[in-house]
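A quick write-up on the structure given underneath.
The values are calculated or read from the model by the stated rules, or taken from the named source; none is laboratory data. From a predicted model like this one, the values you see are computed outputs, not experimental measurements. We place every Cβ from the backbone using ideal geometry, glycine too, and count neighbours over all the protein chains shown. These area figures cover heavy atoms from the full protein model, side chains too; ligands, DNA and RNA do not enter into them. Shrake-Rupley method; radii C 1.70, N 1.55, O 1.52, S 1.80 Å.
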Amino acid sequence: MVETVRWGLTGGIGSGKSTVAAMLAKLGAAVIDADAIARAVTGAGGAAVVAIGQAFGSEFIDTSGALDRDRMRALAYAEPNARKRLEAIVHPLVGQHTRQQAATAEAAGYRHLVFDVPLLVESGHWRARVDRVLVIDCGADTQTLRVMARSALSRSQVQDILAAQADRLHRLRAADAVICNDGITLDTLSSQVQSLAQRFGLSSPHSPATETPA
């Protein structure tokens, strides 16, 4: 029987985690993106929207019927408890969809599941759910510049987000493997990902894998 290997992929905002996730997917892993799930359940018509409106007020739901992220971000920084209240609504739904997607991937024959979890270290419970933790690491200056280049956030807003995440040393201490994505080309990053994937038994460009009949 072929055992399923569960990867926990994490890194601070702007670290390049999503890029690495896409590379692992090309190598045959099934990627389960917790952040994408969170965006879906808080998006227009998402499963969390009604509860968010009830807990925070209708002004936190925008005209499309989605969470007003800018308003919620401002509240979360002004009132730390607001983040916990939001997480209490969103996290159970993310957990439910994550389990469903993992079960679907396993049923399809995937034997390497990559759980892309931005706050894996901060959550406190994800470490027990994965076999290994892969951290994508880079310096805070690099993170800040990348996020500013791809979004409308100011430097101070990005720095506020960084301050709310685990510090770099804490994240690195939780890692079973680290990929440094600072000052390198995409080709070099790809080489690092391929090398690590082979080390952990993920080397086929065409997954899902299937068990060989006895």
Quiz item: Which condition number does Glu3 fail, the rest of (1) surrounded by fewer than 18 Cβ atoms within 10 Å (Cβ to Cβ); (2) closer than 28 Å to Leu169 by Cα being met?
Solution: (2)
Practice problem: Kindly indicate whether Ile52 is within 15 Å of Leu120 (Cβ to Cβ), at pLDDT 95 or above, surrounded by 14 or more Cβ atoms within 10 Å (Cβ to Cβ) and under 22 Å from the mean Cα position of the chain (by Cα). | Solution: no
Self-check item: Selection from segment 28-62 of residues that are in contact with a strand residue (DSSP E or B) (Cβ under 7 Å, 6 or more places away or on another chain), of a type in the set (Gly, Ala, Ser) and farther than 14 Å from Arg85 by Cα
Solution: Gly28, Ala29, Ala30, Ala34
Quiz item: Just one of Arg173, Arg155 is open to solvent by 40 Å² or more (accessible area, probe 1.4 Å) and under 29 Å from Pro92 (Cβ atoms); which is it?
Solution: Arg173
Quiz item: Can you tell me which residue in segment 75-98 is modelled with the highest pLDDT, limited to those that are open to solvent by 60 Å² or more (accessible area, probe 1.4 Å) and over 19 Å from Ser123 (Cβ atoms)?
Solution: Glu79
Quiz item: Is there any pair with a first residue in segment 19-40 that is in a helix (DSSP H, G or I) and a second that is surrounded by fewer than 21 Cβ atoms within 10 Å (Cβ to Cβ) and of a type in the set (Gly, Ala, Ser) whose Cβ atoms are under 7 Å apart and which are 6 or more apart or on different chains, and what are they?
Solution: Met23/Ser190; Ala40/Gly46
Practice problem: May I ask you to list the residues in segment 41-68 that are in a helix (DSSP H, G or I), touching a residue at least 24 places away in the same chain (Cβ under 8 Å) and out of contact with any Phe, Trp or Tyr (no Cβ under 8 Å at 6 or more places or on another chain)? | Solution: Val41, Ala51, Ala55, Phe56
